[in-house]
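To start, the structure under review is shown below, and the notes come after it.
The values are calculated or read from the model by the stated rules, or taken from the named source; none is laboratory data. Note that the coordinates shown come from a computational prediction; the quantities given were computed from them, not determined experimentally. So basically every Cβ, Gly included, is an ideal-geometry build from the backbone, and we count neighbours across all protein chains shown. Note: areas computed on protein heavy atoms with side chains; ligands, DNA, RNA excluded. Shrake-Rupley method; radii C 1.70, N 1.55, O 1.52, S 1.80 Å.
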Amino acid sequence: MPNWKPIVGLAFNQDEFESYCHTIQWSAFKPKFIVLHNTGLPTLNMRPEGFTLQHIQNLVHYYRDELKWSAGPHLFIDDHKIWVFTPLNMSGIHANSWNKLSLGVEILGDYDKDIFSQGRGLAVRKNAIAALASLHTVLGIDVSTLKFHKEEPNTTHKNCPGKNVIKQEVIAEVKDLISKRKGA
Ligand SMILES: [Zn+2]
């Protein structure tokens, strides 16, 4: 396998993830911005309990053994947990020309169809907002630099992360949460 970067494979709740981010030593790879993705497949319905460790291991098999990539995205977020996949202080593979510059964050669902404003989609959204708040804070990067995968100039993923995910709403919610945490 081409120098596969072993995954972290740990799942955190929002507070645990915030603490985890503060333990990371950023040395060779320090991301300049974050790219948001949706998984598309699987959809929310295909993962009724969210991701299990087996699902995460299946993703390792997919990226490493089928695609022959050296890494995958950094986070997989479902309605329960924030899974760390590729180590946050190593470059991942998720968005062609942005891999060396950015962290890749995947949210479970197909948000061209799945709803991002209620039910399980809303739970995914809340975990994603929390994770993005932690990452932007710890990295000291402006939330306004957040990018969606479909903005990557060379991508074929023209819909990622789905039309139900509105960029300005996500940015505003991440900023709000960062402000709230500072005030707490
Ligand atoms: Zn994507």
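Considering only alpha-carbon pairs that sit under 8 angstrom and 6 or more positions apart, the relative contact order computed for the chain is 29 percent.
Classify the chain: rounded, prolate or oblate, from the alpha-carbon gyration tensor (a ≥ b ≥ c, eigenvalue square roots; a/c under 1.5 rounded; otherwise prolate if a/b is larger than b/c)?
On the way: a/c = 1.29, a/b = 1.10, b/c = 1.17.
It is rounded, given that a/c, with a ≥ b ≥ c, falls under 1.5.
For the chain, the residue among His61, Ala184, Thr137 whose Cα projects farthest onto the positive side of the dipole built from Cβ charges is Thr137. Surface composition of the chain: carbon plus sulfur atoms contribute 54% of the solvent-accessible area (1.4 Å probe, protein chains only, all chains present). Average accessible surface for the range 10-183: 47 Å² per residue, computed with a 1.4 Å probe over protein heavy atoms with every protein chain in place.
Over the chain, DSSP H runs of length four or greater, each weighted -39,500 (n - 2.57), average out per residue to a 222 nm ellipticity of -9500 deg cm²/dmol. Taking trypsin sites (Lys or Arg not before Pro) across the range 1-107, the ones in a DSSP loop with at most 16 further Cβ atoms lying within 10 angstrom of their Cβ are Lys32, Lys68, Lys100. Could you sort out which of Lys32/Lys175; Lys100/Lys147; Lys100/Lys175; Lys5/Lys100; Lys100/Lys163; Lys32/Lys180 sit more than 21 Å apart by Cα distance in this structure? From Lys32/Lys175; Lys100/Lys147; Lys100/Lys175; Lys5/Lys100; Lys100/Lys163; Lys32/Lys180, over 21 Å: Lys100/Lys175; Lys100/Lys163; Lys32/Lys180.
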